[in-house]
């Protein structure tokens with residue numbers, strides 16, 4: 001086609017959580033050659049994910065992320081994201097509620113709504129995430145990947161590994177390229193060249 005040029009070093013990467021629906025033609029050698037099975041994160045991985053998701057969020061020193069990671073076996077990164085986001089939303093809702101209640105109390109005691117303008121620089125009533133926020137968030141958390149699905153993924157990954165085949169016993173003949181078979185091929189080649197001279 002006009003204007004089309006070849007491109008080198010182009011890598012195609014695909015991701016799916018429904019590998020059994022992949023067309024076998026896509027998995028043939030020369031197409032998607034390498035299968036990379038990415039399992040659910042282990043405890044160390046879950047703790048790292050939690051730290052990454054909360055890196056910009058003030059968290060109380062009493063929060064032990066490793067403990068949360070130990071109690072979330074089988075959770076994906078998205079599942080952990082639900083927990084952290086839910087904890088943040090609970091804290092925000094609590095902060096708004098406390099601020100409104102405080103303004104109501106001030107208006108009732110002082111009877112002057114203009115005083116509300118003086119609270120612009122007041123501290124946040126909920127400056128950080130606490131155990132209470134995470135406990136409530138955890139009560140609503142759930143796994144999105146079942147054990148049955150995990151077994152299916154692992155079985156698919158194993159089947160693809162087995163179907164890759166190959167010969168574990170492939171060996172060149174003794175003597176290598178300089179051996180008898182190699183020499184015989186060279187002689188045959190020389191004879192063929194003589195026929196066309």
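The values are calculated or read from the model by the stated rules, or taken from the named source; none is laboratory data. Predicted model, so just to flag it, every value in this text is computed and none were measured. Here Cβ is always computed from backbone atoms with ideal geometry, including for glycine, and neighbour counts include all displayed protein chains.
Just to be sure before I move on: is residue 59 within 30 Å of residue 128 (Cα to Cα) and in contact with a strand residue (DSSP E or B) (Cβ under 8 Å, 6 or more places away or on another chain) in the structure I sent? In short, yes. Residue-level analysis places residue 68 among those that are part of a helix (DSSP H, G or I), surrounded by 12 or more Cβ atoms within 10 Å (Cβ to Cβ), touching a helix residue (DSSP H, G or I) at 6+ places or on another chain (Cβ under 9 Å) and in contact (Cβ under 8 Å) with a residue 60 or more places away in the chain. Exactly one residue among 40, 50, 26 is without any contact (Cβ under 8 Å) to a residue 40 or more places away in the chain and surrounded by 15 or more Cβ atoms within 10 Å (Cβ to Cβ), and that residue is 50. Is it true that residue 143 is within 30 Å of residue 16 (Cβ to Cβ), modelled with pLDDT of 75 or more and surrounded by 13 or more Cβ atoms within 10 Å (Cβ to Cβ)? Yes; evaluated as a whole, the condition is true for this residue. Suppose the filter is outside any helix (DSSP H, G or I) and either under 26 Å from residue 154 (Cβ atoms) or in contact (Cβ under 8 Å) with a residue 40 or more places away in the chain (or both); does residue 79 pass it? So residue 79 fails the test. Looking across 40, 35, 54, one residue alone is over 25 Å from residue 157 (Cα atoms) and in contact with a helix residue (DSSP H, G or I) (Cβ under 9 Å, 6 or more places away or on another chain). It is 54.
Residues in segment 29-65 that are outside any loop (DSSP other than H, G, I, E, B) and more than 20 Å from the chain's Cα centre (by Cα): 1 in all.
For residue 13, the conditions (1) loosely packed, with under 10 Cβ neighbours inside 10 Å; (2) in a helix (DSSP H, G or I) are fulfilled apart from (2).
The residues listed here are 161, 115; of these, the one that is modelled with pLDDT under 80, over 30 Å from residue 71 (Cβ atoms) and surrounded by 12 or more Cβ atoms within 10 Å (Cβ to Cβ) is 115.
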